[in-house]
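Read through the structure below, which is laid out as structure tokens, and then see the notes.
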Amino acid sequence: MSLRDRLIEEMKGAMKSRDDLRLSAMRRVRSAIKNREIELRREFEDAEIIEVIASMIKQRRESIRLFIQGGRTDLVEKEEKELSTLLEFLPPQLELAELEELVLQAIAECGAEGSKDLGKVMKAIAPQVAGRADGRVVAEVVRAKLA
């Protein structure tokens with residue numbers, strides 16, 4: 001089952017169970033995907049849908065951080081529930097050891113020698129970790145291994 005079909009089935013399930021928060025999250029995801037498809041004038045594959053979901057997850061995490069700073073626990077709770085719903089649609093996240101191994105492989109493939117080659121390594125590793133690791137964490141691991 002494609003990710004698009006899974007999203008539709010989850011949305012139907014949320015409607016049947018009257019889970020308003022989950023339904024709202026599903027609608028937002030589908031809307032964001034549709035808007036990007038219209039913008040790029042083509043239908044997305046699963047990998048591109050994962051990218052959209054990953055960016056929405058990043059937005060939720062930032063919102064949670066800001067709401068915590070602002071003392072808005074009611075909104076933090078809502079965002080955390082939406083975040084957990086969105087995380088269900090990403091592939092399993094990489095463990096730190098797995099990520100470090102992939103980074104070392106990418107460094108070897110690129111022939112990177114120092115921090116000046118950070119961009120080259122990031123470009124090489126990005127397709128392998130897309131949706132499976134946060135970009136900020138990947139960049140930190142690459143920096144640490146190149147240092």
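Just one of the numbered conditions (1) of a type in the set (Val, Ile, Thr); (2) under 23 Å from Gln59 (Cα atoms); (3) open to solvent by 20 Å² or more (accessible area, probe 1.4 Å) is not true of Val129; which one?
(3)
Pairs please, first residue from the stretch 53-81 and on the phi > 0 side of the Ramachandran plot, second anywhere and outside any helix (DSSP H, G or I), Cβ atoms under 8 Å, 6+ apart in sequence or on different chains.
So the pair list comes out empty.
Does any residue of the stretch 77-93 turn out to be within 16 Å of Arg28 (Cβ to Cβ), within 11 Å of the chain's Cα centre (by Cα) and among the hydroxyl-bearing types (Ser, Thr, Tyr)? Walk me through it before giving the result.
Looking only at the stretch 77-93, we keep the residues that are within 16 Å of Arg28 (Cβ to Cβ), and these are 78-90.
Imposing the further condition that a residue be within 11 Å of the chain's Cα centre (by Cα) reduces the set to 83, 86-90.
Restricting the remaining residues to those that are among the hydroxyl-bearing types (Ser, Thr, Tyr) gives none.
Scanning the stretch 77-93 turns up no residue that is within 16 Å of Arg28 (Cβ to Cβ), within 11 Å of the chain's Cα centre (by Cα) and among the hydroxyl-bearing types (Ser, Thr, Tyr).
Of all residues being outside any helix (DSSP H, G or I) and of a type in the set (Asp, Glu) in the stretch 106-147, which is farthest from Ser55 (Cα to Cα)? Just the residue, please. Show your work before the answer.
Taking the stretch 106-147 first, the residues outside any helix (DSSP H, G or I) are 111-114, 130-134, 147.
Going one step further and asking which of them are of a type in the set (Asp, Glu), we end up with 113, 134.
Working: Glu113: 31, Asp134: 10 Å.
Going through the qualifying residues, I end up with Glu113.
Can you tell which of Arg60, Arg22, Arg72 is of a type outside the set (A, V, I, L, M, F, W, C) and surrounded by fewer than 17 Cβ atoms within 10 Å (Cβ to Cβ)? Step through it out loud before you land on a result.
Working: Arg60 fails: surrounded by fewer than 17 Cβ atoms within 10 Å (Cβ to Cβ); Arg22 fails: surrounded by fewer than 17 Cβ atoms within 10 Å (Cβ to Cβ).
It is Arg72.
Only one of these conditions is not met by Met11: (1) surrounded by 15 or more Cβ atoms within 10 Å (Cβ to Cβ); (2) in contact (Cβ under 8 Å) with a residue 40 or more places away in the chain. Which number is it?
Exception for Met11: condition (2).
How many of the residues in the stretch 132-147 are of a type in the set (A, V, I, L, M) and open to solvent by 50 Å² or more (accessible area, probe 1.4 Å)? Spell out the reasoning first.
Filtering the stretch 132-147 down to residues of a type in the set (A, V, I, L, M) leaves 133, 137-139, 141-142, 144, 146-147.
Restricting the remaining residues to those that are open to solvent by 50 Å² or more (accessible area, probe 1.4 Å) gives 137, 144, 147.
Within the stretch 132-147, residues that are of a type in the set (A, V, I, L, M) and open to solvent by 50 Å² or more (accessible area, probe 1.4 Å) number 3.
Among the residues of the stretch 25-43, write down those that are closer than 19 Å to Ile57 by Cα and either open to solvent by 80 Å² or more (accessible area, probe 1.4 Å) or more than 22 Å from the chain's Cα centre (by Cα) (or both).
So in the stretch 25-43, the residues closer than 19 Å to Ile57 by Cα come out as 25-37.
If the condition is that a residue be closer than 19 Å to Ile57 by Cα and either open to solvent by 80 Å² or more (accessible area, probe 1.4 Å) or more than 22 Å from the chain's Cα centre (by Cα) (or both), then Arg27, Arg28, Arg30, Lys34, Asn35, Arg36 are the ones that fit.
For Lys12, are the conditions met, namely being over 15 Å from the mean Cα position of the chain (by Cα) and not aliphatic (A, V, I, L, M)? Before you say what the answer is, go through the steps one by one.
Numbers: over 15 Å from the mean Cα position of the chain (by Cα): yes; not aliphatic (A, V, I, L, M): yes.
It is true that Lys12 is over 15 Å from the mean Cα position of the chain (by Cα) and not aliphatic (A, V, I, L, M).
Here are some conditions: (1) touching a residue at least 24 places away in the same chain (Cβ under 8 Å); (2) surrounded by 12 or more Cβ atoms within 10 Å (Cβ to Cβ). Ser2 meets all but one. Which one does it not meet?
Of the numbered conditions (1) touching a residue at least 24 places away in the same chain (Cβ under 8 Å); (2) surrounded by 12 or more Cβ atoms within 10 Å (Cβ to Cβ), the odd one out for Ser2 is (2).
Just checking: which of the helices (runs of 4 or more DSSP H) contained wholly in the stretch 1-105 hold 2 or more residues that are in contact with a helix residue (DSSP H, G or I) (Cβ under 8 Å, 6 or more places away or on another chain), among the aliphatic types (A, V, I, L, M) and under 16 Å from Ala130 (Cβ atoms)? Break it down stepwise before answering.
On the way: elements: 3-17, 20-40, 46-70, 73-87.
Qualifying helices (runs of 4 or more DSSP H): 46-70, 73-87.
The values are calculated or read from the model by the stated rules, or taken from the named source; none is laboratory data. Just so it is clear, the structure is predicted and the values come from calculations on it, not from any experiment. Backbone-built Cβ (ideal geometry, glycine too); neighbour counts: all protein chains shown. These area figures cover heavy atoms from the full protein model, side chains too; ligands, DNA and RNA do not enter into them. Shrake-Rupley method; radii C 1.70, N 1.55, O 1.52, S 1.80 Å.
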